[in-house]
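The values are calculated or read from the model by the stated rules, or taken from the named source; none is laboratory data. From a predicted model like this one, the values you see are computed outputs, not experimental measurements. Note: ideal-geometry Cβ built from the backbone for every residue, glycine included; neighbour counts use all protein chains shown. Calculation scope for accessible area: heavy atoms of the full protein, side chains included, ligands and nucleic acids excluded. Shrake-Rupley method; radii C 1.70, N 1.55, O 1.52, S 1.80 Å.
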Amino acid sequence: MQELTVALTKGRLADKTMELFEAAGYSCAQMKESSRKLIFENNDQHIRFFLAKGPDVPTYVEYGAADIGVVGSDIIMEENRRAYEVLDLGFGRCRMCVCGPEKARDLLLHHEMIRVASKYPNIARDYFYNRKHQTVDIIKLNGSVELGPIVGLSDVIVDIVETGGTLRENGLTVLETICDLSARMIVNQVSMQMKTERIRSFIGSVRKELDRRQ
Ligand code: PRP
């Protein structure tokens, strides 16, 4: 049987993914035993899983270090790596939004030159330049982006909104929605040709479990 390597997004997404894979018939007992280990094997099923930071998952998949990856669609959009997107896993649902204080709403309506802070500079650039035709100054941050408008670094932010709790607690609001997001399965383009049956069967089992849950 051909070996399969699957890159998972470390954290809550990996937990939900393994829960789904297990229900689909692909388990990994090793994964439940250690909290610092990064790579886990199921020798019986010839499959191994590793845990990577979200933005690195499409990189592992593009270069073929992983045949399959599970990652948020926000990261797929931002990283723009070569890979086939084959399944929407239905969890990790949230939205990519332009957020800020209520008073910033006018700046968006009148196409002013504004400052936009984001962990997602490519998504922000594409939205403002190509969809809104608004020239903006994009400032890349690495987290806690909500600080941007609060401390005067930026007028608005482009960020993920899940429950809306972070925005509420920091006096910010959703001003515009860019797109819906969720966890996706991606596949290396060469693996898809070289391990077709193995990958098809894996995708098929996961899809069957997703259908059963609906
Ligand atoms: C994400 C995102 C928001 C928050 C949204 O941040 O960047 O800050 O979650 O979730 P909510 O709508 O449920 O409050 P994350 O927790 O990944 O941390 P970070 O800001 O440091 O990247």
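On full extension, the segment bounded by Lys132 and Met77 gains 18.1 nm, given 0.36 nm per residue less the C-alpha separation. The phi torsions of region 100-108, fed into the Karplus equation with coefficients 6.51, -1.76 and 1.60 and a -60° offset, translate into couplings of x, x, 3, 5, 7, 4, 4, 5, 7 Hz, rounded to whole numbers, with Gly and Pro shown as x.
Whole-Hz Karplus values for region 179-190 come out as 6, 7, 10, 6, 6, 10, 9, 10, 10, 4, 5, 6 Hz, taken residue by residue from phi with 6.51 cos²θ - 1.76 cosθ + 1.60 and θ = phi - 60°; glycine and proline positions read x. Using a probe of 1.4 Å, the accessible surface attributed to Ile178 totals some 20 Å² when neighbouring protein chains are kept in position.
Using a 1.4 Å probe on the protein heavy atoms, what percent of the accessible area of region 16-88 belongs to carbon and sulfur? C and S fraction of accessible area: 44 percent. Extension gain for Glu3-Lys53 works out to 15.7 nm (0.36 nm per residue, less the C-alpha to C-alpha distance).
Probe radius 1.4 Å, ligands and nucleic acids left out: which of Cys94, Cys28 has the largest accessible area, and how do the rest follow? Could the numbers behind the result be given before it?
Details: Cys94 25, Cys28 5 Å².
Descending order: Cys94, Cys28.
Among Val151, Val98, Val57, the largest mean-square fluctuation in a Gaussian network model of the chain, built with springs joining Cα atoms closer than 10 Å, belongs to Val151.
When the alpha carbon coordinates of the chain are projected onto the principal axes, the ranges are 59, 33, 33 Å, largest first. Averaging the sequence gap over all C-alpha pairs within less than 8 Å and six or more residues apart, then dividing by the number of residues, gives region 94-181 a relative contact order of 48 percent.
Calculate, for region 94-181, the solvent-accessible area per residue in square angstrom, rolling a 1.4 angstrom probe over the heavy atoms of the protein chains.
Numbers: 4600 Å² over 88 residues.
Accessible area per residue, region 94-181: 52 Å².
Protein heavy-atom surface of region 94-181, 1.4 angstrom probe: 46% of the accessible area is carbon and sulfur, with nucleic acids and ligands not counted.
Averaged over its residues, region 1-59 has an accessible area of 56 Å² per residue, based on protein heavy atoms and a 1.4 Å probe.
Output the 0 to 90 degree angle, nearest 10, between the alpha-carbon long axis of helix 12-23 and the longest principal axis computed from the alpha carbons of the chain. The angle comes out near 30 degrees. For a modelled paramagnetic label at Leu109, 7 Å from Cα along Cα-to-Cβ, the residues of region 151-187 in reach, with backbone nitrogen under 15 Å, are 175-176. Averaging Cα coordinates gives a centre for region 133-206 and one for region 1-77; these two points are 19 Å apart. Label positions at Asn122 and Ile150, each projected 7 Å from the Cα along the C-beta direction, are separated by 2.9 nm.
With angles folded into 0 to 90 degrees, how steeply does helix 196-213 sit against the dominant principal axis of the chain? Use alpha carbons for both and round to 10. Approximately 60 degrees, to the nearest 10.
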